[in-house]
Amino acid sequence: MARSCSPRKPASPVFDAIELTSDTLTGRGGLALFSRYVRSIDLFPHLDRLFGSLRKNSKGLPVTTLFHQLFCFFLDGTSRHLVRFDDLKADEGYAAAIETRPEAMASSHAMKRFFRGFWWPRIWLFRRLLLHLFLWRLKLQAPKVVLLGIDAMVMDNDEARVRHGVQPTYKKVKGFAPLQMTWGRFLIDAVFRGGKKHSNSGTTAAEMIRHVVTLIRKHYRPDVPIIFRLDSGFFDQKLFGLFEELRVGYVCTGKLYEDLTAYAARAPVSAWRFYRTPQQVWCYLEFGDRRGRWKKGRRALLTRPLDEDGQWLLEFARPDTLLYTNLGMGEDIDDLLTDAGLGDWTEAERIIALHHGRGADELVHRALKEFGCETLPFKRFAHNAAFYYTMAVAFFLYECFKEDVTEPVVPIPSYATTLRRTVIDFAAKVVRTGGRTILKVTQATWSQLQIPTLWGLSRSPPRFAWA
């Protein structure tokens, strides 16, 4: 019989037992970076000014302490149940990682009381906070043009029991449908609504647009070009009229009525133009259109893809898309774009490219859901609204954290799961000696994550200033 070649002794030691340790350890060492960042941007004095009156008793935890723990809770992402705070309260390592004394950790009951203290006058303060955070980043980036998106996001709460505001949505699930405005990767304004509200329900969108445009012109630059990208849920002449009144641009998906499809079918081949990208080829037809009750005609572009994934499409398989815009119509927005050196934005191909970029606006909704949660914890609508807006603020801070701190090791477009697995979830030991508290990590973590660089960036970020 041949002799076995397997070693008689194991290649690594085998555990004989498992025991307790008195060391302060944490598996979320990266939360220290986020905690230090949130403290360093000087946000907490503004939170105390807006929401400090929620604290009814001096024996309770300060409102800023609760917000700090909530922001870290959302970034951690281990659980979205409020009972998770009971586990965190008993974890000294977690408390040390977020720079909080163990006795100052909030229980799930404290968090529930905190959210139940919110009502609408105070809930709307979250919108002010989001908008001023947006103005802070806008001034830091100083773009030549402000490109905004607005859309409804369905939050699936189909399995929730008797939740106020959980209603049937267009996605055939029961839930909420907040109206959200986005700028790049950032969620900058939102109106929390029940699920039955459609995109352009009532005057909500118009009021949101008017308010945001006024703030940008007042606190950033009065002459900055502003352009909105919208889907067909906002196809409304009243909304178009508002954009034109505010001197801003829009690119909105229209509805294909029979007379328009018939006009496109009759159009000669010479009237069609081609738009090419490295990935795809489209043909488009440009014309002016005035619907039955419209007071004026508007520029329209009907686009049609000719190929998909390198395969030429047959005529019956080419879906048409109709776009309406006021760019290139001789309005004030054209002059603002020209003055900003962006005169080519009024050309048809650039307008089509702007519309194709609208998918990036929808990715913000996906990123928010991955960062936070769709199922909200409370039965009352106002309490869920407060929880939703807290999640939205935490999401904004998370996007700022990626941009200001973690960019050297994690690409800015990364989703929350990637950031958590890379930067947040590493083991660390908390040591207190000589009146100092020190977070210790392994040499591998130190080198791979460039800990000295990230620690320095988290301690000296751009300071938040109320506009």
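Before moving on, here are some points about what is shown:
- Computed over the stretch 338-467, the P(r) tail beyond 24 angstrom holds 54 percent of alpha carbon pairs.
- Student exercise, the chain dipole from Lys, Arg, Asp, Glu Cβ charges, in Debye to nearest 20: 1640 debye
- Charge context of Asp339, other residues only, Cβ under 14 angstrom, K/R +1, D/E -1: -3
- Neighbour-count order for Cys252, Cys283, Cys373, fewest beta carbons within 10 angstrom listed first: Cys283, Cys373, Cys252
- With Cα atoms as the point set, the stretch 198-298 shows a radius of gyration and Dmax of 16.7, 49 Å.
- log₁₀ of I(q)/I(0) at q = 0.24 Å⁻¹ - the stretch 246-299, Debye sum with one point per alpha carbon: -1.17
- Treating r as the C-beta distance of Trp294 and Lys369 and R0 as 35 Å, the FRET efficiency rounds to 0.45.
- Farthest towards the positive end of the charge dipole of the chain, among the residues Ile352, Pro452, Ser270, is the Cα of Pro452, using unit charges on the Cβ of Lys, Arg, Asp and Glu.
- Spin-label zone in the stretch 137-180 - amide nitrogen under 20 Å from a point set 7 Å from the Cα of Thr417 along the C-beta vector: 154-157
- Per-residue Karplus couplings for the stretch 252-258, computed as 6.51 cos²θ - 1.76 cosθ + 1.60 with θ equal to phi - 60°, are listed in order as 10, 5, x, 10, 7, 7, 4 Hz, Gly and Pro entered as x.
- Within the shell of other residues whose beta carbon sits under 9 angstrom from the beta carbon of Asn157, the net charge comes to -2, with Lys and Arg scored +1 and Asp and Glu -1.
- Note on Arg273/Arg459: beta-carbon distance plugged into 1/(1 + (r/R0)^6) with R0 of 60 Å gives a FRET efficiency of 0.65.
- In this rough spin-label picture, where each label sits 7 Å from Cα along the Cβ direction, the His211-His198 distance is 2.3 nm.
- Listed values for the stretch 460-467 are Karplus-derived 3J(HN,Hα) couplings in whole Hz (6.51 cos²θ - 1.76 cosθ + 1.60, θ = phi - 60°), namely 9, x, x, 7, 7, 10, 5, 5, and x replaces Gly and Pro.
- The string of couplings for the stretch 296-303 from the Karplus curve (6.51, -1.76, 1.60, θ = phi - 60°) is 8, x, 9, 6, 10, 10, 9, 10 Hz, one whole number per residue in order, with x for Gly and Pro.
- The protection proxy used here, the mean number of other Cβ atoms lying within 10 Å of each residue, ranks peptides 426-437, 219-230 as follows, highest first: 219-230, 426-437.
- Note: the stretch 11-54, Cα convex hull, 148 Å³ per residue.
- Over the chain: helical MRE at 222 nm, DSSP H runs n ≥ 4 each giving -39500 (n - 2.57), nearest 500: -11500 deg cm²/dmol
- Mean projected area (nm²) of the alpha-carbon convex hull when the stretch 108-158 is viewed from all directions: 6.2 nm²
- Additional length obtainable on full extension of the chain from Val431 to Asp320, 0.36 nm per residue less Cα span: 33.6 nm
- Annotation: amide H of Leu327 within the under-5 Å range of Tyr250, sequence separation 5 or more or interchain, hydrogens built in the peptide plane.
- Where only alpha carbons of the stretch 1-127 are counted, the Rg and the Dmax (Å): 21.8, 85
- Å³ per residue enclosed by the Cα convex hull of the chain: 239 Å³
- With a simple spin-label model that places each label point 7 Å from the Cα along the Cα-to-Cβ direction, the separation between Trp119 and Arg101 comes to 3.3 nm.
- For the stretch 78-129 and the stretch 206-264, distance of Cα centres in Å: 39 Å
All of the numbers you see were taken from the coordinates with simple rules; none came from a lab. All values reported here derive from a predicted model rather than from experimental measurement. Because the Cβ atoms are built from the backbone with ideal geometry, glycine has one as well, and the counts that use them run over all protein chains shown.
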